[in-house]
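Read through the structure below, which is laid out as structure tokens, and then see the notes.
The values are calculated or read from the model by the stated rules, or taken from the named source; none is laboratory data. What you see is a predicted model; the values in this text were computed from it and never measured. Cβ placement follows ideal geometry from the backbone for every residue including glycine, while neighbour counts extend to all protein chains displayed. Surface areas here come from the heavy atoms of the whole protein model, side chains and all, with no ligands, DNA or RNA. Shrake-Rupley method; radii C 1.70, N 1.55, O 1.52, S 1.80 Å.
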Amino acid sequence: MAALRRKFGEDYQVVNTNRPTPFSAPVKKKRQRFVDKNGRCNVQHGNLGGETSRYLSDLFTTLVDLKWRWNLLIFILTYTIAWLVMASMWWIIAYIRGDLNHGHDQDYTPCVANVYNFPSAFLFFIETEATIGYGHRYITEKCPEGIILFLFQSLLGSIVDAFLIGCMFIKMSQPKKRAETLMFSQDAVISQRDGKLCLMFRVGNLRNSHMVSAQIRCKLIKSRQTPEGEFLPLDQCELDVGFGTGADQLFLVSPLTICHEINPKSPFFDLSKRSLMNEQFEIVVILEGIVETTGMTCQARTSYTEDEVLWGHRFLPVMSLEEGFFRVDYSQFHSTFEVPTPPHSVKEHAEKNSLPSPLSTPVPALPECHAARRDRVFSVDCISTEEERGHQGGTGGRLPSKLQRMSSSGKEDLQRKVLLLSSQHSEKACSTGDLPLKLQRLSSSSGPEAENRLQLKSLKVGFEPMTQSTGDLYQHSLAPTLAPAPAPMYSPLLSGAGRLEDKLPAKLRKMNADR
């Protein structure tokens, strides 16, 4: 066991596989914080080399920044050493002048009266420095060196008093203690506010004195790697808590909830409930303001790690209305409760809403060129189909030879004219191709059945919307083709009245009668 621990370290533990052990989730190791909850920064400067002399160039600030125990030690040592040095100088003057041997001689005038040893010289210095002046020990006019030392003692004492007392006064009046009465919530929460996902935390002021011009800022501390491959440890990124709207300027009379909206500009744009468990970041909160009583600038800090960010929580209200005043219950300052919150990130929600619905996808329409081409093809097919029907039905065989020659001579011209007109409307082309052959079949028949059939055909064609225009078009276009006929052959369709045989030329009526 000792060998295993030496090999793998003290954290290595041997698990007994013979006895089943209950499963326990691994405890996540507490991560090192950049800023503690009390605002202290966990940063130590080392290997300064020759740069330590810079601290002595600003000795006053260096003494103020020291801890209290070092300040008190320096304060006591400075006064003690100064007193001992000055007392020694007075004793040396008395020793050189021989005042120590004539201390009790009434006829001898010493430099300092009643100074005949070191304790008496020390007491004289203390009485002079503290301006006590008991009157038993005093300096005489027969000692010029004593007068010069007295002047030097007064100047040096004033400098030491101003330096040390001023340092202690600044140390005691530092606004750091004012920051102790500024509270931050233990946890930050993520939930919806006004339909938007927000990161929120709470701040409060325990004193009745206000913080003038209070302003709050947030920094995201997170390591990242640039596209160029550079690793940036503890990279700082600003979190918007209302710079554009002025929400970062606080009127800190009662506890306030600071809100950071998670939008495409936020570094938490792709943060979801699941990814929050795997993230490593730290949010540093800085509250600055002027202390109303002293007029000094105060700064309070705290931080929130990823373990202290609660997804789907909201802070409990702490304000209540009493008789004539508002009451703040600080016992519920850190309390939260769960609220329904979507677990996905804002980025996923935006991508989901931007996807088009398959039901609303429009069907692309055919271009005009395709529609015109389709009309032309349909017209040609219609003409060819009607011709095939005429040949199969034997209509051309029943017509006289002269009409067959007339029909065959005008066929090519008819097809060419129909092709030119078919691009305007497909229904015109089909009707134009149908009319000659139908009328030929009608003209070849005789008797009352033909008349009834002709009337039905004309009536049927009359219901079509393009019958009138088609007939007119055909009448004008086929006039040169049917030149031997003295009258138009299709006028019965346009008029819809009278017999067809009466309208035919005399030669055609004779040919029909012979048949």
Task: Residues within the stretch 304-337 that are in a strand (DSSP E or B), of a type in the set (A, V, I, L, M, F, W, C) and touching an Asp or Glu at 6+ places or on another chain (Cβ under 6 Å), tallied - done: 1
Open item on the list: Going by what's in this entry, would T140 be described as surrounded by 15 or more Cβ atoms within 10 Å (Cβ to Cβ), in contact with a helix residue (DSSP H, G or I) (Cβ under 9 Å, 6 or more places away or on another chain) and touching a residue at least 12 places away in the same chain (Cβ under 8 Å)?
Closed with: no
TODO: Could you tell me whether the stretch 263-281 includes any residue that is in contact with a Phe, Trp or Tyr (Cβ under 6 Å, 6 or more places away or on another chain), farther than 25 Å from H344 by Cβ and not β-branched (V, I, T)?
DONE: no
Open item on the list: Tell me whether the stretch 67-74 contains one or more residues that are under 30 Å from Y55 (Cβ atoms), open to solvent by 80 Å² or more (accessible area, probe 1.4 Å), among the charged types (D, E, K, R) and without any contact (Cβ under 8 Å) to a residue 24 or more places away in the chain.
Closed with: yes
TODO: Hey, could you check the stretch 267-278 for residues that are open to solvent by 40 Å² or more (accessible area, probe 1.4 Å) and under 16 Å from G312 (Cβ atoms) and say which is modelled with the lowest pLDDT?
DONE: M277
Task: In the stretch 217-255, residue most open to solvent (accessible area, probe 1.4 Å) [restricted to those that are closer than 22 Å to T297 by Cα and over 19 Å from the mean Cα position of the chain (by Cα)] - done: F251
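Listed here are the residues, each with its yes/no results for (1) modelled with pLDDT under 90; (2) among the small types (G, A, S).
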residue	(1), (2)
E180	yes, no
H210	yes, no
I216	no, no
K222	no, no
G229	no, yes
Q249	no, no
S254	no, yes
N263	no, no
Open item on the list: Just to verify a result, which residue in the stretch 94-118, among those that are hydrophobic (A, V, I, L, M, F, W, C) and in a loop (DSSP other than H, G, I, E, B), is surrounded by the most Cβ atoms within 10 Å (Cβ to Cβ)?
Closed with: V115
- [ ] Would you check if there is a residue in the stretch 199-207 being at pLDDT 95 or above and among the β-branched types (V, I, T)?
- [x] yes
TODO: Quick one: which strands (runs of 3 or more DSSP E) lie wholly within the stretch 177-228 and hold at least 2 residues that are farther than 22 Å from D36 by Cβ?
DONE: 188-193, 196-205, 211-225
TODO: Consider only pairs whose beta carbons are under 8 Å apart and that are at least six residues apart or on different chains; among these, list those whose first residue lies in the stretch 147-164 and is assigned by the TED database to the domain that holds I93 and whose second residue is open to solvent by 50 Å² or more (accessible area, probe 1.4 Å) and not charged (D, E, K, R).
DONE: I147/I139; L149/M89; F150/I139; F163/F60; L164/I74; L164/F75
Open item on the list: I want to confirm something. Restricting to the stretch 200-216 and keeping residues that are in contact with a Ser or Thr (Cβ under 8 Å, 6 or more places away or on another chain) and open to solvent by less than 50 Å² (accessible area, probe 1.4 Å), which single residue is farthest from G295 (Cα to Cα)?
Closed with: M200
Task: S158, sole failed condition from (1) at pLDDT 85 or above; (2) in contact with a Ser or Thr (Cβ under 7 Å, 6 or more places away or on another chain) - done: (2)
Task: Selection count, the stretch 344-372, where residues are open to solvent by 80 Å² or more (accessible area, probe 1.4 Å) and at pLDDT 90 or above - done: 2
Open item on the list: Which numbered condition in (1) under 19 Å from the mean Cα position of the chain (by Cα); (2) open to solvent by 80 Å² or more (accessible area, probe 1.4 Å) is the only one that E306 fails?
Closed with: (2)
